[in-house]
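One structure is given below, encoded as structure tokens.
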Amino acid sequence: MEDDGLLIAGGTVVTAGGSFPADVLCREGRIAALLSPGESRPAVEVLDASGCYVLPGGVDVHVHLQMPVGDIVSTDDFASGTIAAACGGTTTVVDFATQERGQTLEEAVAQRRAEADGKVAVDYSLHLAVTDTSERTLRVLPRLVEEGYASFKLYTVYPALYLEDEEILRLLEVARETGAMPLVHCENRAIVERCTRTLLLAGKREPRYHPQARPAEAEAEAVRRMLALAGVAGTPLGIAHLSTRAALGEVCRARTRGQEVWVETCPHYLLLTEAEYERPGFEGAKYVLTPPLRKESDREALWTALIGGGIDWISTDHCPWNYRGQKERGREDLALIPNGAPGIETRLMLLWSEGVTRGRISPERFVALTATQPARLFGLYPRKGAIAPGADADLVVWDPARRVTLRAETLHQQVDYCPYEGWEVVGGPREVFLRGRPVVREGRFVGAPGQGEFVPRYSLMVGR
């Protein structure tokens, strides 16, 4: 099949703004036209999407592929992780070029591009994870934004990554000056370090103590402080993986003051709670991620915000570690359990099943949360996250009746467990297209590593 002659016919197109019956004509990797059902146009292939929705390919702007921590590396590399993304209906991911202490940002970008280019099975981009405010860093940031790296990841915690408030304020000012989007991991470092040290000294080293090591107050305080700094800098603020009702309260108060703040959460905070840490033996280690899973009241508050528009997009924070040999390193010390869990393949299926199928959100809201809004906020729209003439033909034929039982052995994520093992989800991708080319057929990967491209991001479409 040529890549310039695909007609997806008979389906219901779903965008963030509405749903309607239409046939989608794709040529030369882009959407050429939306046609009235049955309107005749020549095409090399006509795909029957009757009974299905046609969605824009998912956009996951928070993944950690091939991420080194000490002497271990997260289990999905850029090939396996993006194959898993495609099989779940995601056609664009944004990873991180993380500046190690003493490394230049240019070196971090070059290293990450070398690891990903020629290997990715879907399109990708990179955030700049900045760890210093040296004169060189501040000088090169505007140029990197102009080259298509239009977002900064900033950390308030982790010895190798955290920035002091003064440094964060300066980087927020650079974000304002360049139009880049700052995305902040919000936890109070002093609280986390003190709580962790106290637990370890008391001999409380098991996974069940993970929420106590990183309490809700650590997130809420850091969110409040970052909002204050962003207010002084006069820049919008993106908050990564928000997990608590208390932090939501800080966001609501800031928005009432007129502050522009954008909020991400993840499926695991919507679907799981800290009860997972009470699993027998060391099984709770599978759910050690940062921030931790929270209380049922936090989970309910996140759903309320999601339904009401208070949460802006859903990412995975995909960072998989094998239970055997990696998570198990922390059997004697909670602090040694590598933080993170898999999710790049299951994001869309879980949110559709628990959100749309159960009547909590509409298909249009689903598309906004998983594709259109992250594409808008991070400079990918309208090339990505849209079904409109001129957009990339990244499309998912979504079968709302498809039933899948999630099992680690049948998923494409290269990790030895699934946090949702045995869950049955209703609704899933039947076919997936990347720039008009098939990558998934009847749920089976038919693409190839290396077919994805780097996507530069220049202008950010923000403004509530």
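Taken along the Cα-to-beta-carbon direction at a fixed 7 Å, the label points for GLU409 and ARG41 span 4.5 nm. Summed over qualifying helices (DSSP H, 4 residues or more, each -39500 (n - 2.57)) and divided by its residue number, the chain shows a 222 nm mean residue ellipticity of -8000 deg cm²/dmol. As a length-normalised measure over Cα pairs under 8 Å and 6 or more apart, the relative contact order of the range 1-122 settles at 21 percent.
Distances between placed amide hydrogens fall under 5 Å for VAL184 paired with LEU154, GLY238, ILE239, ALA240, all partners being 5 or more residues away or on another chain. Computed from the C-beta positions of THR198 and TYR323 and an R0 of 22 Å, the FRET efficiency is 0.25 to the nearest 0.05.
Quick check of the Kirkwood formula: for the chain, what is the inverse mean of 1/r over all pairs of different Cα atoms, in Å?
By the Kirkwood definition, the hydrodynamic radius is 22.2 Å.
Just to be sure I understand: of the beta bridges DSSP finds with both ends in the chain, what percent are antiparallel, rounded to 5? Walk me through the numbers on the way to the answer.
Numbers: 33 of 68 bridges.
Antiparallel bridges make up about 50 percent of those DSSP assigns within the chain.
For the range 179-191, 3J(HN,Hα) computed residue by residue from phi via the Karplus equation (6.51, -1.76, 1.60; θ = phi - 60°) reads x, 6, 9, x, 10, 10, 7, 10, 8, 6, 4, 5, 5 Hz, glycine and proline entered as x.
Maximal additional length on extending the SER134-THR304 stretch stands at 57.0 nm, based on 0.36 nm per residue less the C-alpha distance.
Across the range 415-421, rounded Karplus estimates of 3J(HN,Hα) from the backbone phi angles (6.51 cos²θ - 1.76 cosθ + 1.60, θ = phi - 60°) give 8, 8, 8, 10, x, 10, 3 Hz, Gly and Pro being marked x.
Counting only residues at least eight positions apart within a chain, or on another chain, the lysines with an alpha carbon under 29 Å from that of LYS286 are LYS119, LYS153, LYS204, LYS295, LYS327. Here the range 170-289 has an Rg and Dmax of 16.4, 51 Å, counting Cα atoms alone. The order of TRP303, TRP313, going from fewest to most other C-beta atoms within 10 Å of their C-beta, is TRP303, TRP313.
Taking every alpha-carbon pair in the range 67-139 and binning the separations at 5 Å intervals from zero gives 3, 15, 23, 23, 16, 10, 6, 2, 0 percent.
For q values of 0.19, 0.21, 0.24 Å⁻¹, compute log₁₀ I(q)/I(0) with the Debye formula on a Cα-only model of the range 351-464, without solvent. So the normalised log intensities are -1.24, -1.34, -1.37. Within the range 138-219, the GluC sites (Glu not before Pro) that combine a DSSP coil assignment with at most 14 other C-beta atoms in a 10 angstrom radius are GLU147, GLU164. All alpha carbon pair distances within the range 217-362 were sorted into 10 Å bins beginning at 0; the resulting P(r) in whole percents reads 11, 37, 33, 17, 3.
Note that the range 129-134 has calculated 3J(HN,Hα) couplings of 8, 9, 10, 8, 10, 5 Hz, one per residue in order, obtained from phi through the Karplus relation 6.51 cos²θ - 1.76 cosθ + 1.60 (θ = phi - 60°); glycine and proline are x.
Would you mind ranking VAL446, VAL440, VAL367 so that the residue whose beta carbon has the fewest other beta carbons within 10 Å leads the list?
Details: VAL446 13, VAL440 23, VAL367 28.
The fewest-first ordering by Cβ neighbours comes to VAL446, VAL440, VAL367.
If the segment from GLU364 to ARG441 were pulled out straight at 0.36 nm per residue, it would be longer than the present Cα-Cα gap by 25.3 nm.
Every number in this text was worked out from the coordinates using simple rules, so none of it is lab data. Note that the structure is a prediction, hence the values are computed from the model and not measured. Neighbour counts run over all protein chains shown; Cβ positions are idealised from the backbone, glycine included.
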